[in-house]
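The values are calculated or read from the model by the stated rules, or taken from the named source; none is laboratory data. Quick caveat, the model's predicted, so the values are computed rather than measured. In this analysis, Cβ positions are derived from the backbone assuming ideal geometry, glycine residues included, and neighbour counts consider all displayed protein chains.
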């Protein structure tokens, strides 16, 4: 069966991506085609620019899981190699889309370009006609579908979401993602200072390529190993009160939980930022602030 295809890296599988994929599903059904989303095994810039270090919204595993949840079609992952990066758009359309994927219709994101050297929309359409592919441009996520005036002023994009998360604005990022930004990792042992002051924490080791939010304290949901969700508060930072020159750490305190999570994998869904990272004169002062943080986090979680 011939295919209707769209192409993208789909980092984060955000609301703009989902809007594009729903259009592809409708077009495929209307034209008797199968819907196929083509993505890549690594960020293209990691191949094109040797000094590029990806800091991504989703790992490959997370991205594919999100696509499986939201897209009613096939996902094809292409290895993004140096050879692939040198193909012109027409060469890619001929050798990959037409010959390997039996593409009859290509739906391009409204601001998406692909192929070495790129091209204008008119050129993409002309190259498509030459190789037997109808090229169409997707509708942009309309202002009517945005949930707030802030969203209408800033287009939904992976780069915009990365900027918001880096700045600690997880609430703004979540509105564009369509779901809470999350960190997943294995719990490891720490210095257990939190336990001494009544706030035991689970130290998380997220994947290296996963983007960490800006340093600070956040209200979160914690998805436990058994799948249950508990409220909590997350601290990302250098622990200046305990280790002035410490490396960045990711520590979560799970409310009303006394079990052992060492060696387990948990998922942390960020809700909102409570405050910036601070240095305190003593552990007592830190403990008092953590009590205030916990109250603020619980109040925010109750509103969700």
Residue ID - nearest to residue 115 (Cα to Cα), chosen from residues in the range 71-98 that are buried (at least 17 other Cβ atoms within 10 Å of the Cβ) and either outside the structural domain of residue 116 (by TED's automatic domain parsing) or out of contact with any strand residue (DSSP E or B) (no Cβ under 8 Å at 6 or more places or on another chain) (or both): 89
Of all residues in the range 262-291, which are out of contact with any strand residue (DSSP E or B) (no Cβ under 7 Å at 6 or more places or on another chain) and either modelled with pLDDT of 95 or more or outside any helix (DSSP H, G or I) (or both)? 278, 279, 280, 281, 282
Residue 82 fails exactly one of the following numbered conditions: (1) touching a residue at least 60 places away in the same chain (Cβ under 8 Å); (2) over 22 Å from residue 159 (Cα atoms). What is the number of that condition? (1)
From 46, 37, 65, residue being part of a strand (DSSP E or B), within 28 Å of residue 162 (Cα to Cα) and in the same structural domain as residue 134 (by TED's automatic domain parsing): 37
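From the list 281, 294, pick out the single residue that is over 19 Å from residue 181 (Cα atoms), surrounded by 15 or more Cβ atoms within 10 Å (Cβ to Cβ) and over 26 Å from the mean Cα position of the chain (by Cα).
Numbers: 281 fails: surrounded by 15 or more Cβ atoms within 10 Å (Cβ to Cβ).
Unique residue meeting the criteria: 294.
Pick out the one residue from 173, 219 that is part of a helix (DSSP H, G or I), touching a strand residue (DSSP E or B) at 6+ places or on another chain (Cβ under 9 Å) and modelled with pLDDT of 95 or more.
173
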